1. Are there any pairs, at least 6 apart or on different chains, whose C-beta atoms fall under 7 Å, with the first in segment 148-168 and under 30 Å from residue 530 (Cβ atoms) and the second part of a loop (DSSP other than H, G, I, E, B) and basic (Lys, Arg), and if so, which?
2. Cβ-Cβ distance below 7 Å, separation of 6 or more or different chains: which pairs start in segment 762-779 with a residue that is under 18 Å from residue 743 (Cα atoms) and end on one that is modelled with pLDDT under 95 and among the hydrophobic types (A, V, I, L, M, F, W, C)?
3. Look through 575, 538 and report the one residue that is surrounded by fewer than 22 Cβ atoms within 10 Å (Cβ to Cβ) and in a loop (DSSP other than H, G, I, E, B).
4. Can you pull out the helices (runs of 4 or more DSSP H) entirely within segment 1-110 that have at least 2 residues that are modelled with pLDDT under 90?
5. Going by the conditions given, is residue 145 touching a strand residue (DSSP E or B) at 6+ places or on another chain (Cβ under 8 Å), under 30 Å from residue 77 (Cα atoms) and in a helix (DSSP H, G or I)?
6. Could you check how many residues of segment 358-391 are surrounded by 24 or more Cβ atoms within 10 Å (Cβ to Cβ), more than 26 Å from the chain's Cα centre (by Cα) and not hydroxyl-bearing (Ser, Thr, Tyr)?
7. Could you list, in sequence order, the residues of segment 67-78 that are on the phi < 0 side of the Ramachandran plot and crowded, with 22+ Cβ neighbours inside 10 Å?
8. For segment 432-450, indicate whether the set of residues that are in a strand (DSSP E or B) and not charged (D, E, K, R) is non-empty.
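The values are calculated or read from the model by the stated rules, or taken from the named source; none is laboratory data. For clarity, every value in this text was computed on a predicted model and none was experimentally measured. Cβ placement follows ideal geometry from the backbone for every residue including glycine, while neighbour counts extend to all protein chains displayed. Just so you know, the surface numbers come from the protein's heavy atoms only, side chains and all, with ligands and any DNA or RNA stripped out. Shrake-Rupley method; radii C 1.70, N 1.55, O 1.52, S 1.80 Å.
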Amino acid sequence: MKPLDRRKFIKTSGLIGGSVSLVPGFAADLFGLTPGQAVIGDLPSEGWIRVGCPAHNCGGRCLLKVWVKDGLIARIETDDRPTDDLSDPQLRACVRGRAYRRRQYHPDRLRFPMKRVGKRGEGYFERISWTEALSLMAKKLTEIRNKYGNEALYIPYGTGSYSQTNGRWPAVRLLNILGGSLKYYNSYSWACISKATPTVFGTGITGNQRQDWLNSKFILMWGWNPAEMRDGTNTEYFLKKARERGARIVCIDPRKTMSAVALADEWIPIRPGTETAMMSAMAYVMIQENLIDREFIKTHCIGFDNSQMPDGYEEDESYSDYILGTIDNIPKTPEWAEAITGIPSETIARIARQYGSIKPAMLYQGYGMQRRAYGEQPVRGGCVLAAITGNIGIHGGWASGIAHQPGGTPFWNIFPMKKNPVKAAIPTFLWSEAVIRGTELSAKEGLSGVDQLSTNIKFIWAVASNALINQHSNINRTAKILEDESKVEFLVVQDQFLTPTGKFADLLLPACMQFETWGLEDGWKYGDEVILMPQVVKPAFESRSDYRICADLAREMGVYEEFTEELDERGWTKKLWNSYKSNRFPDIPDFEQVVKSNQGVYSLPVHEPKISFENFAKDPVKYPLKTPSGKIEIFSPALKELGQADEIPPIPKYIQEWESPFGPEKDRFPLQAIGPHYMGRVHSTFDNVDWLQEAFPQRIFINPIDAEPRGIKEGDNVVAFNDRGKLKLPCRFTQRILPGVVSIPQGAWWEPDKKQVDIGGSINVLTSEKWTPLAFGNAQHTIMVDIKRVR
């Protein structure tokens, strides 16, 4: 496949290239605006407007103040509400939100609809009108639906926008009106943790509201880096306050992250993929030294030891049997775990004693450890440690797992998508399998709703999604799949830039920025607020909101009235805002009042933080869990009945990964590679923003201990490679990473050269398409590579 020639693309698309200064005067010239144009009726033509930061799944939901003048955004600041109240803190934006003008007025924005004129993936397009684009899309959609049925239609996972009117939700609504499309379940972010947590607790609501963190005395940040990926606006602020109140914070992570530096008292580097080994060794110490809560285990749990195995499973291996080595003759001692994790045995024992004796304690699991082979195991392992120490249902404790908050988990999407008539659903990570062998998939690959698909995927409509190429695994394999026009017969990409996924489009549709339409956003994972996203400037060029594009296509398909319900973007935003009165926020002010006051956000102070499982902890008989036993299932009969104990054991176990420093692959590829979130990007969004590129350049981070025998010097160009692909980047030396591990931040845009070496630095040229056994989730952090110096 030929790499995209940016100049050829610009020539056909009408973009302006070169290095530019994005001052308001330039933006006015570039965007064809004149002073006074683009004034929005509800809002001042000049002045500060409070608006939600465009939601790109960063892990936060923040409030911005934008200065609008002459129809342009001239300045961006963040929340300035005067408050030091922990019950309702400011929603302050990070560097990505503050740099948003560089994205808003980027010269490479898509301006017009375009259709492909070369081979798919070559990147050759020509400008067409909206009339032609909508007619072509309607024609292809109708043809494919009539030929293969609605199971052939697919809207993939995409997190480029979460503002109700922008994002994939309107497209899903339209296809549901037209007979539906193939569904997906789970996500690239939380597949294993979402699936595994309920196997222990019967629910994903396992956290306490964050104000309660200040009651904790000992906090384990296990693979958790909220200072970069956020995990809820203000999460790092609450941790800072907990530490000020005396909590000891320990970070366990292969990297000494920003969070480890800024928030933790101690950093413990761990070999990736070995978390469950350390958890098991901690349990060994706590059992042997009687640092467990035996009364809580007896009354609230099943499966800890032989005295409390569920009926019918009395002869099975209990958790204690595994930890003490009763059956396999391998006690899970700190010395056993040291050889696996790389952590000194005395350190493991010390952390076990601290977690077992300092009460209350909190073990918070990050998400990277569950995006690995057997990622379900550390999730269940962390939940069990919380259970056997009695840190569940109490102030300052934490049940671990996915840890949604009680009393009202934020709604990421409330836009009504209508019922999907198609029953079939696939795991989102297996969409590429459904393209090449959809009719062969079964429950073994996670197919649900039907026994067999009637067709492979033939029509893809990617809205606000770079997950077809850049964020999916094994890019070189995926590119070959999408290049083949006999597989996916028509591919529509609806986005704001020509992303690596966009290069494979048959039809490119330009979506407007969030500042150019109406919307709203709820909290991400935590938070009790709703943020208004008013339209502050007009859509640039010929771009349209995702909702407007879908409405126009609905008109072409003859279902305009049913799709729109006679509402535009503002009308839907008003309806959705006011709908909160009947669920989460009965006292929320009326939409028109919020617009007029320019307050931007409604928040509900948290004076008495809610605690998950508080009633269950007090009386497990009166308030049972939603598990089959009504108790915490350390041993899961449901998992036992799957009959896959080697990969899905009924108790949490350490299982060596399929690519590992302990396998034969280490002889050719001796380094583990990880792809963490990066401060300069939200997944792949913002990768083209110059300010953020300068502050956070894409590099391969390597420990000097690994660089020295390879003859690599600081700043050298190096190639990271395995059997799936190669990427080339400058390297940066750091002692803040465990030797034997290299870090290649995820989200950089794939840019293959003539030899198919990626010079953009996307780690997904190295990742595997293999999925986890229980959740059918992505295991994209399980990678073995080698590094060599190049000129």
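1. Here the result reads 155/168; 158/168, each pair linking segment 148-168 to a residue that is part of a loop (DSSP other than H, G, I, E, B) and basic (Lys, Arg).
2. none
3. Selected residue: 538, the only one of 575, 538 that is surrounded by fewer than 22 Cβ atoms within 10 Å (Cβ to Cβ) and in a loop (DSSP other than H, G, I, E, B).
4. On the way: elements: 6-13, 24-30, 95-98, 101-104.
So the answer is 6-13, 24-30.
5. no
6. Going through segment 358-391 one residue at a time, the tally reaches 4.
7. 68, 72, 73
8. Yes; the residues of segment 432-450 include at least one that is in a strand (DSSP E or B) and not charged (D, E, K, R).
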